[in-house]
Amino acid sequence: MSDDVTPVEEDTVAQGGHAPEESLFEAPPLAEQERMCEAILFASAEPVSVRELNDRMPHGADAAEALVHLRKRYEGRGVHVVKVGDAWAMRTAPDLGFLMQKETVETRKLSRAAIETLAIIAYHQPVTRAEIEEIRGVSVSRGTVDQLLEMEWIRFGRRKMTPGRPVTFVVTPVFLDHFGLASARDLPGLKELRAAGLLENRPPPGTIPLGVKSDEEEDEVLDLSDGQPELFED
């Protein structure tokens, strides 16, 4: 092994490190020292200094020199041996960083207002904002509708041929797919909702459950394609 101080050794000594001491034991071959440095850097969550490498490696090993050769061997590879402050680490090649990106799904809870609005649209589509507000008894905020549009659970339907020609809202295939429905006709009726404990056995006097115009029509819901052509335009 050469007695000349390598660039890594010079840098290490200048920063308070130390060159490996002479040992009575024969040092491992340089290729084996490279493998040792490689294993330590690969398994370390934090960068490792030359001093720490020397402390872990057998007596007589020269981590500084091994790093010089190891660094060259990783040039052009998907992983590089890089210097981080006074220590060394293995890092992904900068041009391959995009491969490490991971998309995550953010879970968002719907507010009570959004759930009620979505239910009204699903059972009464195509329905206007004014009709939604009339059924709910309160105004519908822009944020509630925007959230449902952003989730792609509702979309704009045809304009109603009434004064002002208001737009209508309908549910989307994304909504149907999320809830495992083939069409809006598969939405649960009163019997299913009562069986699931979501409705009382008898509705309060003077009220009509969503999607049901009379007792005879309790299981009837509107399909995406349903509508009154004479009242709407594309």
Task: Output for the range 140-187, where each listed residue is within 14 Å of Ile115 (Cα to Cα) and of a type in the set (Gly, Ala, Ser) - done: Ser141, Gly143
- [ ] Have a look at Leu149, Leu110 and point out the one that is surrounded by 13 or more Cβ atoms within 10 Å (Cβ to Cβ), assigned to a loop (DSSP other than H, G, I, E, B) and of a type outside the set (Gly, Ala, Ser).
- [x] Leu110
Task: Residue among Pro204, Pro166 that is assigned to a loop (DSSP other than H, G, I, E, B), of a type outside the set (D, E, K, R), modelled with pLDDT of 85 or more and farther than 19 Å from Leu110 by Cα - done: Pro166
Task: Qualifying positions in the range 85-123 - touching a Pro at 6+ places or on another chain (Cβ under 8 Å) and modelled with pLDDT of 90 or more - done: Ala87, Trp88, Ala89
Task: Filtered residues of the range 24-70 (kept if part of a helix (DSSP H, G or I) and in contact (Cβ under 8 Å) with a residue 60 or more places away in the chain) - done: Glu65, Val68
- [ ] Residue by residue through the range 117-130, note down the ones that are buried (at least 19 other Cβ atoms within 10 Å of the Cβ) and assigned to a helix (DSSP H, G or I).
- [x] Thr117, Leu118, Ile120, Ile121, Ala122, Tyr123, His124
TODO: Test Ala93 against the criterion of being among the aliphatic types (A, V, I, L, M), within 30 Å of Phe42 (Cα to Cα) and in contact with a His (Cβ under 8 Å, 6 or more places away or on another chain), and give yes or no.
DONE: yes
TODO: For the range 10-44, name all the residues that are of a type in the set (Gly, Ala, Ser) and at pLDDT 90 or above.
DONE: Ala31, Ala39, Ala43, Ser44
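The values are calculated or read from the model by the stated rules, or taken from the named source; none is laboratory data. Remember, it's a predicted structure, so these values are computed and weren't measured experimentally. Here Cβ is always computed from backbone atoms with ideal geometry, including for glycine, and neighbour counts include all displayed protein chains.
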